[in-house]
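Please treat every number below as a calculation from the coordinates, not as lab data. As the structure is a prediction and not an experimental result, all values here were calculated from the model. Cβ coordinates were reconstructed from backbone atoms using ideal geometry, including for glycine residues, and neighbour counts include every protein chain displayed.
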Amino acid sequence: MNSPECDVVIVGGGIVGLATAYQISQRYPDREIVVLEKEKVLAQHQSGRNSGVLHSGIYYRSGSLKAINCREGRQLMLDFCGQHDIPHEVCGKVIVATEEAELPRLNELFERGVRNGVACEKLDADRLRAFEPYCHGIAALHVKDAGIVDYRRVCFRLCELIQERGGKVLTGCKVTHVVTKDSEIVVESTAGTWRTRLLVNCAGLQSDRVAKMCGQQPEVKIVPFRGEYYDLTDESQHLCRNLIYPVPDPGFPFLGVHFTRTTHGTIECGPNAVLAFAREGYSKWNINWSDLWEILRYRGLHRLAVKHWGMGLEELKRSWFRSAFLQSLQRLIPAVRAQDLIAAPAGVRAQALRPDGTLVDDFVIQREGRFIHVLNAPSPAATSSLNIGAMIADQLRDVLTA
């Protein structure tokens, strides 16, 4: 039996892979697109386990892929959600300094936000309380452009639109082998074999492995960091109106434990960031010995541990001791009590790490001939996804218009 032929195979049915397929179908409606997702349901990993924040672009270095894609992607996402009746709200957020030492970093964030075109303003303690009455801080930024989105719903709608345009989205379809033959790529999977002109790797937590399967040697390795969450009880939800964030540590690409109102009507608290013992390790007890051995022998992790051992211990402490997690939350909202917290599902961040121990801060999207590999797309990838997809579609123009 001959293998099906198509123009583009996209590996990964998360929001970046689906947004890419959607944008290619928009630009090249006569091209056949196939999305291969190994899980039985879409958006089972980062796309369905994030806190649902529509990011503003205030955190990212001007000119970086994160800054560019976040600002442009934010508007595309707002337009998409409005057009397709997907729950979303531009509710704004506050970034809060709780001590004097954080004020220079808060001011740097404000200046970066202005450069990036973000609508933001400085708040003193009194004005902060007007936005978030229970929040403690000596100063803050009010970021008007931030909001919340149901990204899982976005994924399902993207899937419908891809299929309406003749594309295929196959679930339960794990890629097992990739071979390049002349002008085509042969993709073997658990659901069959596909011959394609182009392959786009949007495999998230497995993206570096898929790149190797395609014959590449990526300069980074994906290291999984589990983010653990609590929800506020219904009785304590009045403590947070919208989104409350701490001033982030500039040397660490995580935003710190924060409060997030969701489109589902809950208030999430978290996440921390601890090394996961499996690429898809959503609890402390999820251990994949092959994944763990691969991570532990990587010299990049050794160097990261030396650089950030203090931060790592704090994150572990928050993971194992509820009281430590609570103390981090109380820096922002002192009135939160232990009985206000309900354990919530965790997520795992696919974080690219260089051999020198540097956590990659920007998106990494590399083209190698007929392959494009998305090797680092953590937050704000969901916000940015439609613009990332458009950028990838543009990069493939030379082949798709030939």
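Here are a few things to note about the model shown:
- Residue check for ALA67: out of contact with any helix residue (DSSP H, G or I) (no Cβ under 8 Å at 6 or more places or on another chain), part of a helix (DSSP H, G or I), buried (at least 23 other Cβ atoms within 10 Å of the Cβ) and on the phi < 0 side of the Ramachandran plot: yes
- Elements of type strands (runs of 3 or more DSSP E) contained in segment 258-354, each with 3 or more residues being in contact with a Phe, Trp or Tyr (Cβ under 8 Å, 6 or more places away or on another chain) and hydrophobic (A, V, I, L, M, F, W, C): 341-353
- Qualifying residue in segment 155-177 (condition: touching a Pro at 6+ places or on another chain (Cβ under 7 Å) and of a type in the set (Asp, Glu)): no
- Among (1) within 21 Å of ALA350 (Cβ to Cβ); (2) polar (S, T, N, Q); (3) in contact with a Gly (Cβ under 8 Å, 6 or more places away or on another chain) - the single one THR190 does not satisfy: (1)
- The lone exception for GLN44 - which of (1) under 22 Å from the mean Cα position of the chain (by Cα); (2) in a helix (DSSP H, G or I); (3) free of Cβ contacts under 8 Å to residues at least 12 places away in the same chain it fails: (2)
- Residues within segment 134-175 that are assigned to a loop (DSSP other than H, G, I, E, B) and free of Cβ contacts under 8 Å to residues at least 40 places away in the same chain, tallied: 0
- Any hit, segment 205-219, residues being under 19 Å from GLY52 (Cα atoms), part of a helix (DSSP H, G or I) and out of contact with any Gly (no Cβ under 9 Å at 6 or more places or on another chain): yes
- Scanning segment 287-311 for residues that are buried (at least 17 other Cβ atoms within 10 Å of the Cβ), of a type outside the set (A, V, I, L, M, F, W, C) and under 24 Å from GLY256 (Cα atoms) turns up GLY300, HIS308.
- Being touching a helix residue (DSSP H, G or I) at 6+ places or on another chain (Cβ under 7 Å), within 26 Å of GLN75 (Cβ to Cβ) and in a loop (DSSP other than H, G, I, E, B) is true of ASP362.
- Filter result (among the hydroxyl-bearing types (Ser, Thr, Tyr) and surrounded by 15 or more Cβ atoms within 10 Å (Cβ to Cβ)) within segment 312-330: SER319, SER328
- Hits in segment 217-237 (condition: free of Cβ contacts under 8 Å to residues at least 60 places away in the same chain and within 25 Å of THR263 (Cβ to Cβ)): ASP234, GLN237
- Residues (basic (Lys, Arg), over 19 Å from LYS38 (Cα atoms) and surrounded by 16 or more Cβ atoms within 10 Å (Cβ to Cβ)) located in segment 166-202: ARG197
- Residues in segment 79-136 that are aromatic (Phe, Trp, Tyr) and more than 30 Å from GLY265 (Cβ to Cβ): PHE110 only.
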